[in-house]
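To keep things clear, I will list the structure first and then write my remarks on it.
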Amino acid sequence: MMHANQLRSSFLDFFASREHTLVPSASLIPRDPTVMFTIAGMVPFKPYLTRELQPPWPRATSVQKCFRTVDIDLVGVSERHDTFFEMLGNFSFGDYFKERAIPLAWEFVTETLGIDPELLWITVHETDDEAARIWADATSVDPGRIQRLGEDNFWKMGDTGPCGPSSEIFFDKGESYGAPGGPKGGAEERFVEVWNLVFMQYNRQPDGRLEDLPVRNIDTGMGLERMLAALQGVRSIFDTDAFGPLIETAEGILGVRYGKQFATDVALRRLADHGRAMTMLIADGVMPSNDGRGYVLRRLVRRAILAARRLEVSGEVTGPLAEATVSLMGEAYPYLPDKLDLARSVLEREEHSFDRTLRAGLRLLHDALEEASTGGAKTLGGEVAFKLHDTHGFPIELTEELAEEAGIGVDRAMFDASMAAQRDRARAAARAPAAADESNYRDLIEANGETEFIGRSIDAYSAPARIVGVLAGEKEGTAEIFLDRTPFYAEGGGQVGDRGTIVTETGRAEVFDTVAPLSGLTAHRAKVKGEVFVGQDALATIDAPRREATRRNHTGTHLLHAALRTVLGDHVHQQGSNVDHERLRFDFSHPKGPAAEELDAIFAMANRDVIGDEEVRTTETTLAEAEAEGALAFFGDKYGDVVRVVRAGPHSLELCGGTHVHALGQIGPISLVSEGSIGANTRRIFAVTGESAFARTAVREHQMREVARLLRTEPDGVIEALERLIDRQAETDRALQSMRRAALGQEAAQLASSAEAGAVVVRRDGRPTDELRGLAQGALGAEGVRAVVIGGVHDHKVSLVAATGGDPDASALVKELGAIVGGSGGGTAELAVAGGRDPSRLDDALASALRSLRSS
């Protein structure tokens, strides 16, 4: 017997081997704005079928997750209706058409699946002679079982646009299920459609005319659940292995056996279907809310819970169904196990909330129905239905269902009008939120209480929450969002606030900072796309990698604090800290810079604690008891009567409200980046942990290897090689200095030999001032030379040096010369230097110097 996973893989393998590209299932949340959910296998391919986008492949095949609620009221009552289902399809985008699609379908059903052709019937559109001929000529189907139908076998995307005839394969379940005659005239329960082939060949015009499409497409869909029922020879989809484990779980929840009573079977089928659907929807990002997709999900969840509560089952309903779904579907959809915790969290919250709603709403509804019945009314007022919905969260469908059982209708028009007015008020408030100020902060906390922080758990990255406030942000397009509960950590105790997203049915908020404007109140500062309203349900998700890196740095800060006090002394106290995902900064009191050996000891101690991998334990106690235990307070924190104490290994005991790793080994290495003074008796350390420390080590090792390569040695020999290189460089420098002095002396002698009346005036460009000074002093020392003036241009600047025996005054001389080149100078009577900004006047200055020396 073929099971669900085998059917999926057989289908994909069959078409992949026939040059179809295997395309993974798209999300249940479609990109197509015209549909709320992915309701058919072709939805993800619609842009290619309509040629809005060029198809990336000529052929494709997929197993697509789908969700529909058009028959939700029949789910459970009927044995063949479900909300979530899987559609197996093959698609051709202008490649093959009917001549290939029909034989492929027949080959898969009869040969790969091995279904007896005598059990299969075919329908085609009444005008589609081509399809009827292909079925008769290219397959082994009995022509007597090819039937023509009307509109049931014509597919259209809308009143205008792409459309075309379709052809369906039906499975005959047998005489026990009803009258013969095939799908056209036989019993509906007997002849079950298992595959639909759509031949998209026309373009319907506004006047109703059908024109041929320039490119013809194939869109087929085979329902996994229905085909499984046929293959496994069972009565309904709920008897297949696609539902079996879910039915068993539902039996355990309700305490009844399937197949014993119609009423309990309805509840079991409803739990099985709705449990699977709600889990798959949440896994794809749908969250319960009061409108849109979220409302559909909420209705689904509440229908399942209500089915159990009506059988007087008070225990948990939705959580076990989610677990069973993940266990059943995890092989086909490997991402599901990672979504289980989220699904359980969302469903647990929704179930608890609905149980409160159910108790309060049922009392109010019972009273209203009794009053209406007593008064002879046939309709329950829309204002009562709206109050049930608005105040107690009672779904209108549930109100209608329970009222119908009492023989009373509901004024839906008035209810809808009240809902529309409420949405308008919410949107108006969202477009013009109040200012973020202390008064509004206090109003929020008084109305809703403190924000519940649920983000200390190592895996509390995402959680359902409800928006209780929205205030205007400082910049346009931003807002401060307030939730009843949040996984976001608000900046405090030196730890930065979290970033992430808050998503509702109508908007998405990118949280760029989280702060606590008042004690106990968390503000999520965010850029908002779309709209978010007070009262909406939301999914709050933090940036998990950023949080984990911040945790490591925060706990690392505690270890460093303890190590600093151990190595340097108890006088060390924290003077400030800043911890984010990239690094940690820790300021501490100490009168001088720690020696290299002390720093080595500090980081060695901290890293030994990391290697010890002790559990990080947190407790809550009174401030007095914490201080008596020796717990240290972080700088700048304010503490109430009850405080949180964090013990991190054998040496660290701190008061701290931040987030930390669960075991010290999760920190990874702690590596020093820098240490220095930031004021009198205050030092600052920067350090990194975890992946940042690994990255820093990797960079330094790479640099060491490069240094070793340049030195032509191994990394272990770098120090010795550098010492040898430094010694050689020192010898070379001494030799060069000696050569420079000798060359300078020779040049000075040459200058002295050119003296006129004991004076030397020359130009030497490209020489720094120090060389000009040395040259002038060397020339002055020669016999018969009483004064030397040397000028030059170096790096676009003018330098002038005058060396005399004091007569004339060298300082006075260079001041005169400096003024000529646009500068100034000075020095002693024997040696002076001037600089200038005008190289074009240097020759004029030297000429002036020669005249002055001659005259003196």
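Structure values in brief
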item	result
Candidates 273, 219, 212, 265 - the one that is crowded, with 18+ Cβ neighbours inside 10 Å and assigned to a strand (DSSP E or B)	219
Wholly enclosed strands (runs of 3 or more DSSP E) of region 729-818 bearing at least 3 residues surrounded by fewer than 16 Cβ atoms within 10 Å (Cβ to Cβ) and of a type in the set (Gly, Ala, Ser)	none
Tally of residues being surrounded by fewer than 18 Cβ atoms within 10 Å (Cβ to Cβ) and small (Gly, Ala, Ser) across region 121-138	2
In region 334-353, the residues that are touching a strand residue (DSSP E or B) at 6+ places or on another chain (Cβ under 8 Å) and not charged (D, E, K, R)	342, 345, 346
Unmet requirement for residue 609, which otherwise passes all of (1) assigned to a helix (DSSP H, G or I); (2) acidic (Asp, Glu); (3) open to solvent by 40 Å² or more (accessible area, probe 1.4 Å)	(3)
Failed criterion for residue 578 (all others in (1) surrounded by fewer than 19 Cβ atoms within 10 Å (Cβ to Cβ); (2) more than 28 Å from residue 544 (Cβ to Cβ) hold)	(2)
Meets criteria (part of a helix (DSSP H, G or I), open to solvent by 10 Å² or more (accessible area, probe 1.4 Å) and over 26 Å from residue 425 (Cα atoms)) for residue 545	yes
Region 76-120, subset surrounded by fewer than 21 Cβ atoms within 10 Å (Cβ to Cβ) and among the β-branched types (Val, Ile, Thr), residue farthest from residue 218 (Cα to Cα)	77
Inter-residue pairs, beta-carbon under 6 Å, first closer than 24 Å to residue 700 by Cβ and free of Cβ contacts under 8 Å to residues at least 40 places away in the same chain and in region 718-730, second open to solvent by less than 70 Å² (accessible area, probe 1.4 Å) and part of a helix (DSSP H, G or I), 6+ apart	718/707; 718/708; 721/711
Subset of region 44-91 [at pLDDT below 90, touching a strand residue (DSSP E or B) at 6+ places or on another chain (Cβ under 8 Å) and assigned to a helix (DSSP H, G or I)]	48, 49
Scan of region 467-484 for residues that are crowded, with 18+ Cβ neighbours inside 10 Å and either basic (Lys, Arg) or in a loop (DSSP other than H, G, I, E, B) (or both), ordered by number	473
Residue under evaluation residue 480, criteria (1) of a type in the set (Asp, Glu); (2) touching a His at 6+ places or on another chain (Cβ under 9 Å); (3) modelled with pLDDT under 85, criterion not met	(3)
Residues satisfying the stated conditions in region 486-516, i.e. more than 30 Å from residue 561 (Cβ to Cβ), in a strand (DSSP E or B) and open to solvent by less than 40 Å² (accessible area, probe 1.4 Å)	501, 502, 507, 509
Residue in region 291-299 that is within 15 Å of residue 72 (Cα to Cα) and aromatic (Phe, Trp, Tyr) present	yes
Answer from 587, 570 - the residue that is free of Cβ contacts under 8 Å to residues at least 60 places away in the same chain and not aromatic (Phe, Trp, Tyr)	570
Pair list, Cβ under 7 Å, 6 or more apart: region 193-219 residue more than 30 Å from residue 236 (Cα to Cα), other residue open to solvent by 30 Å² or more (accessible area, probe 1.4 Å) and modelled with pLDDT of 90 or more	200/216; 201/216; 215/94; 216/94; 217/94
Of all residues in region 705-718 being open to solvent by less than 80 Å² (accessible area, probe 1.4 Å) and of a type in the set (A, V, I, L, M), the one that is farthest from residue 669 (Cα to Cα)	711
Top-ranked residue of region 416-436 - restricted to ones that are among the small types (Gly, Ala, Ser) and in contact with a Gly (Cβ under 8 Å, 6 or more places away or on another chain), ranked as modelled with the highest pLDDT	417
Residue count, region 12-47 (criterion: touching a residue at least 60 places away in the same chain (Cβ under 8 Å) and farther than 24 Å from residue 281 by Cβ)	4
Residues (more than 19 Å from residue 48 (Cα to Cα), touching a Gly at 6+ places or on another chain (Cβ under 9 Å) and at pLDDT below 95) located in region 146-158	154
Pairs, first open to solvent by less than 20 Å² (accessible area, probe 1.4 Å) in region 232-252, second part of a loop (DSSP other than H, G, I, E, B), C-beta under 7 Å, six or more apart	236/79; 236/80; 237/80; 237/82; 237/243; 238/79; 240/234; 247/258
Contacts under 6 angstrom Cβ, first residue in region 154-174 being closer than 16 Å to residue 213 by Cα, partner charged (D, E, K, R) and outside any loop (DSSP other than H, G, I, E, B), 6 or more apart	160/204; 163/156; 163/204
Among the candidates 597, 620, residue that is more than 38 Å from the chain's Cα centre (by Cα), surrounded by fewer than 13 Cβ atoms within 10 Å (Cβ to Cβ) and over 15 Å from residue 632 (Cβ atoms)	597
Residues that are farther than 17 Å from residue 841 by Cβ and not hydroxyl-bearing (Ser, Thr, Tyr), drawn from region 796-808	803, 805, 806, 807, 808
Hits in region 441-466 (condition: surrounded by 18 or more Cβ atoms within 10 Å (Cβ to Cβ) and more than 23 Å from residue 286 (Cβ to Cβ))	441, 444, 445, 451, 453
Cross-chain or 6+ apart pairs with Cβ under 8 Å, region 89-114 first and in contact (Cβ under 8 Å) with a residue 40 or more places away in the chain and aliphatic (A, V, I, L, M), then in a helix (DSSP H, G or I) and surrounded by fewer than 22 Cβ atoms within 10 Å (Cβ to Cβ)	102/134; 102/138; 113/10; 113/231
Residues satisfying the stated conditions in region 47-68, i.e. open to solvent by 50 Å² or more (accessible area, probe 1.4 Å) and of a type in the set (S, T, N, Q)	54
Filter result (crowded, with 21+ Cβ neighbours inside 10 Å, outside any helix (DSSP H, G or I) and either at pLDDT below 90 or not polar (S, T, N, Q) (or both)) within region 647-668	648, 649, 654, 656, 658, 660, 661
Residue 17, sole failed condition from (1) of a type outside the set (Val, Ile, Thr); (2) touching a helix residue (DSSP H, G or I) at 6+ places or on another chain (Cβ under 8 Å); (3) modelled with pLDDT of 95 or more; (4) under 29 Å from residue 140 (Cβ atoms)	(2)
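The values are calculated or read from the model by the stated rules, or taken from the named source; none is laboratory data. Given the structure is predicted, the values throughout are model-derived calculations rather than measurements. Here the Cβ is made from the backbone with ideal geometry for all residues, glycine too, and neighbour counts use every protein chain on show. Note: areas computed on protein heavy atoms with side chains; ligands, DNA, RNA excluded. Shrake-Rupley method; radii C 1.70, N 1.55, O 1.52, S 1.80 Å.
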